[in-house]
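Asks: Okay, here's the structure, questions in a sec.
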Amino acid sequence: MRDPGSDRKKSKSTMRSLLAAGLLLISCSASAQSITISEELPLRNDFSYTILGWLGEDLMLFRNKGSEFYVQAFDTDLHLKWEREITIGPRRGDIIGIIANDDRIDLFVGMRERGDYILQHRSYNRDITLIDTTTIGIVEKVFITPHVFLSESEDESKVIIYRENGNGLYLYAYDVENRKLTWESAMDFPGGNLIRDYSAMEVSNDGDFFLTMQPDRFLQKVQNLDVFSNVRGKGEILHETINMGEFQVYDFYAQYDDMHNHLTITGLYSDKTIARAQGFYFVKYQPGDTHGLHFLPFDESLLAEVSGKDVTNVRGLTDFNVQKLALRQDGGA
């Protein structure tokens, strides 16, 4: 199982990234560009760290040291102004996700209490003072601490929190702005041959989820994608299969288009062998609706540029996959 915060995770407006030496600030004007770099930050022993962006006049950095959690504030010259610890509770808590807004930080945590595992939403102001706490759900009487993940919508107003549950997932749909659980539901995966990679989990600004998965490679030919979603605004789970016809799925990349209300799925496809990709495919997916599947073979100029060889000797591309998708205003990508 892969962490959904891996290579497929999209960049948000708060800019979340890993930095080796220091924070980097680039400011641009019509005539010039300036770069500011902070003093070196000793992050080697941190479990993870997240640039939260600007809250007021301070650039915030969240640091997860495994059992301790800190927020650091930097001024416009990237000098450290202060550091404050966030205390989850009397026992060690888990950070499930974090979202920064203009005036607060929303922290999603999990913690054990009397044999149960409690999922909470905690909000802090700019001074890292706790201003509100909401319990999202309780996993009762669990012996092993569950692995819980979170995916947020593009506008960061909605999140889906999910954990493995038998042969499927248990999901909580949560409205961050209104601090409200809108629905919760369990879902099962058919059979046992789907790759348990949840990094393609997408959440719309309305709070609906879309999870694209593919069959395991041991099937030799992977000619379909499985898409799981919910009925809009409800916890009823839908499952549909996108069939590639005579072609095979080489890889896939999914991103929700909030302007046109559909899931965009694209990637590379193969013909006779999964070892080489022959082109791109593209599909607009809406639950319960017909979807068109389009194929675009690689042209000779692309093959020549990538391989650096005479295209007559190139039978496709290997070791490439889609890493970024730019959505168009006309619904394309």
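Asks: Given charges of +1 on the Cβ of Lys and Arg and -1 on the Cβ of Asp and Glu, with all other atoms neutral, how large is the dipole of the range 183-304 about its Cα centre, in debye to the nearest 20? Could the numbers behind the result be given before it?
Replies: On the way: 8 positive and 18 negative charges, 71 e Å.
My answer is approximately 340 debye.
Asks: Report the FRET efficiency, 1/(1 + (r/R0)^6), for Arg328 and Gln33, where r is their Cβ-Cβ distance and R0 is 30 Å, rounded to 0.05.
Replies: Values: r = 28 Å, r/R0 = 0.93.
After rounding, the FRET efficiency stands at 0.60.
Asks: State to the nearest 20 debye the size of the charge dipole of the range 126-185 about its Cα centre, where the only charges are +1 on K and R beta carbons and -1 on D and E beta carbons.
Replies: Values: 6 positive and 11 negative charges, 58 e Å.
The dipole of the range 126-185 has a size of about 280 debye.
Asks: Can you give me the accessible area per residue for the chain, using a 1.4 Å probe, in Å²?
Replies: On the way: 17400 Å² over 333 residues.
Accessible area per residue: 52 Å².
Asks: In a Gaussian network model over the chain where Cα atoms closer than 10 Å are linked, find which of Lys65, Lys284, Lys158 has the largest mean-square fluctuation.
Replies: Maximum fluctuation in the GNM of the chain, among the listed residues, is at Lys65.
Asks: Just the projected area, averaged over all directions, of the convex hull on the alpha carbon atoms of the range 165-266: how many nm²? Each step should come with its number before you reach the end.
Replies: Details: hull surface 28.2 nm².
Across all orientations, the range 165-266 yields a mean hull projection of 7.1 nm².
Asks: Can I ask one more? Mind giving me the FRET efficiency for Glu57 and Thr87? R0 is 25 Å, r the Cβ-Cβ distance, nearest 0.05 is fine. Write out the running numbers ahead of the final one.
Replies: On the way: r = 25 Å, r/R0 = 1.01.
Once rounded, the FRET efficiency stands at 0.50.
Asks: Related question: With +1 on each Lys and Arg Cβ and -1 on each Asp and Glu Cβ, how big is the dipole of the chain about its Cα centre, in debye rounded to the nearest 20?
Replies: Using Cβ point charges on Lys, Arg, Asp and Glu, the chain gives about 800 debye.
Asks: I've got another one for you. In nanometres, what is the gap between the two model label sites at Lys141 and Thr290, each 7 Å from Cα along Cα-to-Cβ?
Replies: Distance between the two pseudo-spin positions: 5.1 nm.
Asks: Could you look at the range 58-213 and say what percent of its accessible area is carbon and sulfur, using a 1.4 Å probe and all protein chains?
Replies: Numbers: 2840 of 6660 Å².
Accessible surface attributable to carbon and sulfur in the range 58-213 totals 43 percent.
Asks: Taking loop as defined by DSSP and a crowding limit of 15 other beta carbons within 10 Å, which chymotrypsin sites (Phe, Trp or Tyr not before Pro) in the range 108-211 fit?
Replies: Numbers: sites: Phe108, Tyr117, Tyr124, Phe143, Phe149, Tyr162, Tyr170, Tyr172, Tyr174, Trp183, Tyr198, Phe209, Phe210; in loops: Phe143, Tyr198.
Listed in order of number, the matching sites are Phe143.
Asks: Using modelled backbone amide H atoms (1.01 Å from N, in-plane), which distant-in-sequence or interchain residues come within less than 5 Å of Leu238's amide H?
Replies: Correct list: Ser229, Asn230, Val231.
Asks: A further question on this structure: Taking the dipole about the Cα centre of the range 235-333, with the C-beta of Lys and Arg at +1 and of Asp and Glu at -1, give me whichever of Phe295, His260, Gly332 is farthest to the positive side.
Replies: The listed residue farthest towards the positive side: Phe295.
Asks: With θ set to phi - 60° and the Karplus curve 6.51 cos²θ - 1.76 cosθ + 1.60, what are the ³J(HN,Hα) couplings of the range 319-333 in order, to the nearest whole Hz, using x for Gly and Pro?
Replies: Calculated HN-Hα couplings, in order: 6, 10, 8, 7, 10, 8, 10, 9, 7, 9, 5, 8, x, x, 8 Hz.
Asks: With labels modelled as points extended 7 Å from the Cα through the Cβ direction, what inter-label distance (nm, one decimal) is found for Asn193 paired with Leu130?
Replies: Rounded to a tenth, the inter-label distance reads 4.9 nm.
Asks: Then there's this: Between Val306 and Asn224, how high is the FRET efficiency from 1/(1 + (r/R0)^6) when r is the Cβ-Cβ distance and R₀ = 30 Å? Nearest 0.05. Write out the running numbers ahead of the final one.
Replies: On the way: r = 27 Å, r/R0 = 0.91.
Computed FRET efficiency for Val306 and Asn224: 0.65.
Asks: Hey, another quick one. Simple spin-label model, 7 Å along Cα-to-Cβ: Leu238 to Asp116 in nm?
Replies: Reported label-point gap for Leu238 and Asp116 is 3.4 nm.
Asks: Whose amide H sits under 5 Å from the amide H of Gly279, counting only residues 5 or more places off or on another chain, with H placed in the peptide plane?
Replies: Close amide H contacts, sequence-distant or interchain: Tyr269, Phe298.
Asks: Further, regarding this structure: Within the set Lys234/Lys272; Lys158/Lys324; Lys158/Lys284; Lys221/Lys284; Lys141/Lys324, which residue pairs have Cα atoms separated by over 30 Å? Mind showing how you got there, number by number?
Replies: On the way: Lys234/Lys272 41 Å; Lys158/Lys324 22 Å; Lys158/Lys284 22 Å; Lys221/Lys284 23 Å; Lys141/Lys324 41 Å.
Pairs exceeding the cut-off: Lys234/Lys272; Lys141/Lys324.
Asks: Right, here's the next one. So what J values fall out for the range 165-177 if you push phi through Karplus, 6.51 cos²θ - 1.76 cosθ + 1.60 with θ = phi - 60°, rounded to Hz, Gly and Pro as x?
Replies: Each residue's phi maps through the Karplus curve to give 9, x, 9, x, 10, 10, 10, 10, 9, 10, 8, 5, 5 Hz.
Asks: So what are the ³J(HN,Hα) numbers for the range 131-144, from phi and the Karplus equation (6.51, -1.76, 1.60; θ = phi - 60°), rounded to whole Hz, Gly and Pro as x?
Replies: Ordered by residue, 3J(HN,Hα) equals 10, 6, 9, 10, 7, 8, x, 10, 9, 7, 6, 10, 7, 9 Hz.
The values are calculated or read from the model by the stated rules, or taken from the named source; none is laboratory data. Quantities reported herein were computed from a predicted structural model and do not represent experimental measurements. Note that each Cβ is placed from the backbone with ideal geometry, even for glycine, and that neighbours are counted across all protein chains shown. The protein model used for the area step is the full one, side chains on, heavy atoms only, and it has no ligands, DNA or RNA in it. Shrake-Rupley method; radii C 1.70, N 1.55, O 1.52, S 1.80 Å.
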